[in-house]
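Chemist: A single structure is presented below for examination.
The values are calculated or read from the model by the stated rules, or taken from the named source; none is laboratory data. These numbers come from a predicted model, not from an experiment. Cβ coordinates were reconstructed from backbone atoms using ideal geometry, including for glycine residues, and neighbour counts include every protein chain displayed.
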């Protein structure tokens, strides 16, 4: 397959999912009370939106929205309805832009399958990490509540960030992207929460995994299994419920499949969108709202021993399950077998040992 044919398949046009002429103008007009600043290097600035009512010493979650492989990176403003979410969910919103290639398409340098097709080798991990650091240091972003949400190539990039900068992330939400086909190439830098969201009828990035120019990417379910295995979660997912994310038509096309009891204290879930393709409509921000709620407002109890004095203490446990084990109690007494009152049951000497008088 030629690169030109590949570009036509992978590129995402906002007109296919959005019914607006200029999403930037539209969202800015609706959200005039938000504070908008540009951060980052002068040749690659990114827009940061802040709720207008943020308190002087208040910190809020930071959501980083990553566009797909496209000629129109601004589509991400209204695709996830992130700008509306700034006020609805009260968070900062960072919308960086990838690098333009020679064909005029903007891309992120994610896992090998997508989408640095001309080997430009852009260090997007450092770029995004620096933007996140600036938002935390200067604009009230909470360093413990950083969430990436990416579409297609942006989803690939969110997975690369989970591998290469996982220690600075709370959650990644990958929609219609994928992680490494060979997960051994995913560095271990932390254990962020993982939300894999994918439509079963996606003809651009195959729900069941595949290859792009010979580089493999994982299926949506396998990507979750990889992270579950790394995080010490249940290998088999548990259905947690269903919901209507697409079109708001009342049909619950989304099945939530979560890997429970993660030893590392994070959470891993796979949201399967039955019969859905690559660019559905998330009415009124349904995806970002559901993901934000899952990441920051829902809590899954982890059973284990919560007593730090026990030999099997689990620092990630939130509910004690009665499994705590303790070393045997210390028994004071004389532990010197040469003494006349040697106590074979004693475990700690209490200074009571007595000895026969020396021979005369």
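Chemist: Let me confirm something: among 231, 274, 286, which residue is modelled with pLDDT of 95 or more, more than 19 Å from residue 66 (Cα to Cα) and over 14 Å from the mean Cα position of the chain (by Cα)?
Modeler: Result: 274 is the single residue among 231, 274, 286 that is modelled with pLDDT of 95 or more, more than 19 Å from residue 66 (Cα to Cα) and over 14 Å from the mean Cα position of the chain (by Cα).
Chemist: Still on this structure, I have one more. Exactly one condition in (1) at pLDDT below 90; (2) crowded, with 16+ Cβ neighbours inside 10 Å; (3) farther than 16 Å from residue 268 by Cα is false for residue 327; which is it?
Modeler: In the conditions (1) at pLDDT below 90; (2) crowded, with 16+ Cβ neighbours inside 10 Å; (3) farther than 16 Å from residue 268 by Cα, residue 327 misses (2) alone.
Chemist: Could you list, in sequence order, the residues of region 48-78 that are part of a strand (DSSP E or B) and either under 21 Å from the mean Cα position of the chain (by Cα) or modelled with pLDDT under 95 (or both)?
Modeler: Those that are part of a strand (DSSP E or B) and either under 21 Å from the mean Cα position of the chain (by Cα) or modelled with pLDDT under 95 (or both): 48, 49, 60, 61, 62, 63, 64, 65, 66, 70.
Chemist: Inspect all residues belonging to region 170-181 and state whether any of them is in a helix (DSSP H, G or I) and either under 22 Å from residue 81 (Cα atoms) or in contact with a strand residue (DSSP E or B) (Cβ under 9 Å, 6 or more places away or on another chain) (or both).
Modeler: No.
Chemist: Can you tell me which residue among 167, 201 is modelled with pLDDT of 95 or more, surrounded by fewer than 16 Cβ atoms within 10 Å (Cβ to Cβ) and closer than 29 Å to residue 72 by Cβ?
Modeler: 201
Chemist: Which of the numbered conditions does residue 320 fail, given that it passes all the others? Conditions: (1) at pLDDT 90 or above; (2) closer than 30 Å to residue 263 by Cβ; (3) surrounded by 10 or more Cβ atoms within 10 Å (Cβ to Cβ).
Modeler: Of everything listed in (1) at pLDDT 90 or above; (2) closer than 30 Å to residue 263 by Cβ; (3) surrounded by 10 or more Cβ atoms within 10 Å (Cβ to Cβ), residue 320 misses just condition (1).
Chemist: Would you mind telling me which numbered condition in (1) without any contact (Cβ under 8 Å) to a residue 60 or more places away in the chain; (2) out of contact with any helix residue (DSSP H, G or I) (no Cβ under 8 Å at 6 or more places or on another chain); (3) closer than 25 Å to residue 62 by Cα; (4) crowded, with 20+ Cβ neighbours inside 10 Å residue 305 fails?
Modeler: Result: residue 305 passes all but (3).
Chemist: Within region 92-127, how many residues turn out to be farther than 22 Å from residue 78 by Cβ, more than 18 Å from the chain's Cα centre (by Cα), buried (at least 18 other Cβ atoms within 10 Å of the Cβ) and free of Cβ contacts under 8 Å to residues at least 40 places away in the same chain?
Modeler: 2
Chemist: Next question. Criterion first (touching a residue at least 40 places away in the same chain (Cβ under 8 Å), closer than 27 Å to residue 217 by Cα and surrounded by fewer than 20 Cβ atoms within 10 Å (Cβ to Cβ)) does residue 74 satisfy it?
Modeler: So residue 74 fits the description; yes.
Chemist: From 241, 235, 250, grab the single residue that is free of Cβ contacts under 8 Å to residues at least 40 places away in the same chain and in a strand (DSSP E or B).
Modeler: Exactly one residue qualifies, and that residue is 241.
Chemist: How many of the residues in region 144-177 are within 18 Å of residue 93 (Cα to Cα) and touching a residue at least 60 places away in the same chain (Cβ under 8 Å)?
Modeler: Here the count works out to 15.
Chemist: Something else: Quick one: residue 111 ticks every box in (1) assigned to a helix (DSSP H, G or I); (2) over 22 Å from residue 62 (Cα atoms) except a single one, so which number is it?
Modeler: (1)
Chemist: Another question about this same structure. Scanning region 114-157 for residues that are in contact with a helix residue (DSSP H, G or I) (Cβ under 7 Å, 6 or more places away or on another chain) and assigned to a loop (DSSP other than H, G, I, E, B), which turns out farthest from residue 196 (Cα to Cα)?
Modeler: Only one residue fits best here, namely 117.
Chemist: When residues of region 313-343 are filtered for being more than 30 Å from residue 192 (Cα to Cα) and in contact with a strand residue (DSSP E or B) (Cβ under 9 Å, 6 or more places away or on another chain), how many remain?
Modeler: Residues in region 313-343 being more than 30 Å from residue 192 (Cα to Cα) and in contact with a strand residue (DSSP E or B) (Cβ under 9 Å, 6 or more places away or on another chain): 10 in total.
Chemist: Among the residues that make up region 266-281, is at least one of them farther than 22 Å from residue 205 by Cβ and assigned to a loop (DSSP other than H, G, I, E, B)?
Modeler: yes
Chemist: Scan (1) part of a loop (DSSP other than H, G, I, E, B); (2) closer than 30 Å to residue 89 by Cα; (3) in contact with a strand residue (DSSP E or B) (Cβ under 6 Å, 6 or more places away or on another chain) for the single condition residue 291 breaks and write down its number.
Modeler: That leaves (1) as the condition not met.
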